[in-house]
Amino acid sequence: MIQTNTINKFQHFPFHLVDPSPWPILTSFSLLNLTIGAVSYMHGYPYGGYILTSGFILTLFGMVLWFRDVVIEGTYLGHHTKEVKNGLMLGIVLFIVSEVFAFLSVFWAFFHSSLSPAVEIGGSWPPLGITPLDPFAIPLLNTFLLLSSGAFITYGHHALIAGNRKGTIDGVIFTIILAVVFTALQYFEYSEAGFTMADGVYGSAFYASTGLHGLHVIVGTIFITVALTRIINYHSTTKHHFNFEASILYWHFVDVVWLFLFVAVYFWGNT
């Protein structure tokens, strides 16, 4: 239960002083538990899978309750003023910048091995014995799906600003459907690939880059689904819909990264 600030009516500044919350420390220890569980599971330690599962459940539990409180603060208590929303927008932009550098490290590893292939992998890229995936099959279809989803969510955003509720909901629903199809096709692609992550530097670079992007697609899909739920429940208005704007920024970031992946990893990296 959130305790409302009894001195809000006497506050002479537009910023939100957050009430004490147990969720940050719970999430911190849950993430520690998740990390220890992941390392234990990957190294075959007893009960590593149980620790990993409990860490995941606790992290999810803490995040859901933490985000619930933020929704209450912004939607029902009116704490998200213009200045607060500006700060939140800066926060999501910096978060996306940090994600850019995460992908930059993966691309760095890919180009380090592909531009100057070592003699251990045959001096060629792709390495000898590796049959790369056809970039004009599922990858090209997924490119079309992801770019179309970006267009649909942009349409939904403009529809919300224009007060077109039906157009907003339809645009976001189509975005979610395309995102789910994208993820399903990538899973099918992985299951049919002739190499695994254990197949040298090529397998590592391929699955690290495309898998990291796939994880971001799943997170973005959840992000947009939550925004859709709030739109349906009238939490978002024509001028107050930061959560929707944040999900759109994140989704466009996912779109742009995929374009680089398609050109570099699938097309150029397979020639």
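Since every read-out is calculated from the coordinates, none of them should be taken as a lab result. Fair warning: this is a prediction, and the values are worked out from it, not measured in the lab. Please note: Cβ atoms are built from the backbone with ideal geometry, for glycine as well, and neighbour counts cover all protein chains shown.
Within the set of pairs 6+ apart or on separate chains, which have a first residue in region 212-227 that is under 21 Å from residue 106 (Cβ atoms), a second that is part of a helix (DSSP H, G or I) and among the acidic types (Asp, Glu), and C-beta atoms under 8 Å apart?
216/99
Only residues that are exposed (fewer than 14 other Cβ atoms within 10 Å of the Cβ) and either free of Cβ contacts under 8 Å to residues at least 60 places away in the same chain or touching a His at 6+ places or on another chain (Cβ under 8 Å) (or both): list them for region 96-112, please.
97, 98, 101, 104, 105, 108, 112, listed by residue number.
Identify, from the list 213, 240, 235, the residue that is buried (at least 19 other Cβ atoms within 10 Å of the Cβ) and touching a helix residue (DSSP H, G or I) at 6+ places or on another chain (Cβ under 9 Å). Spell out how you get there, then give the answer.
Working: 240 fails: buried (at least 19 other Cβ atoms within 10 Å of the Cβ); 235 fails: buried (at least 19 other Cβ atoms within 10 Å of the Cβ).
That would be 213, the only listed residue that is buried (at least 19 other Cβ atoms within 10 Å of the Cβ) and touching a helix residue (DSSP H, G or I) at 6+ places or on another chain (Cβ under 9 Å).
Examine region 140-154 for a residue that is more than 30 Å from residue 200 (Cβ to Cβ), surrounded by 15 or more Cβ atoms within 10 Å (Cβ to Cβ), of a type in the set (S, T, N, Q) and in contact (Cβ under 8 Å) with a residue 40 or more places away in the chain, and state whether such a residue exists.
Yes, some residue in region 140-154 is more than 30 Å from residue 200 (Cβ to Cβ), surrounded by 15 or more Cβ atoms within 10 Å (Cβ to Cβ), of a type in the set (S, T, N, Q) and in contact (Cβ under 8 Å) with a residue 40 or more places away in the chain.
Can you confirm whether residue 194 is touching a residue at least 40 places away in the same chain (Cβ under 8 Å), over 17 Å from residue 110 (Cβ atoms) and out of contact with any strand residue (DSSP E or B) (no Cβ under 9 Å at 6 or more places or on another chain)?
Working: touching a residue at least 40 places away in the same chain (Cβ under 8 Å): yes; over 17 Å from residue 110 (Cβ atoms): yes; out of contact with any strand residue (DSSP E or B) (no Cβ under 9 Å at 6 or more places or on another chain): yes.
Spelling it out, residue 194 is indeed touching a residue at least 40 places away in the same chain (Cβ under 8 Å), over 17 Å from residue 110 (Cβ atoms) and out of contact with any strand residue (DSSP E or B) (no Cβ under 9 Å at 6 or more places or on another chain).
Kindly indicate which of 73, 120 is part of a helix (DSSP H, G or I), over 24 Å from residue 224 (Cα atoms) and of a type in the set (Asp, Glu). Step through it out loud before you land on a result.
Working: 73 fails: over 24 Å from residue 224 (Cα atoms).
Going through 73, 120 in turn, the sole match is 120.
With respect to residue 136, is the statement that it is in a helix (DSSP H, G or I), closer than 26 Å to residue 254 by Cβ and out of contact with any helix residue (DSSP H, G or I) (no Cβ under 7 Å at 6 or more places or on another chain) true?
The answer is no for residue 136.
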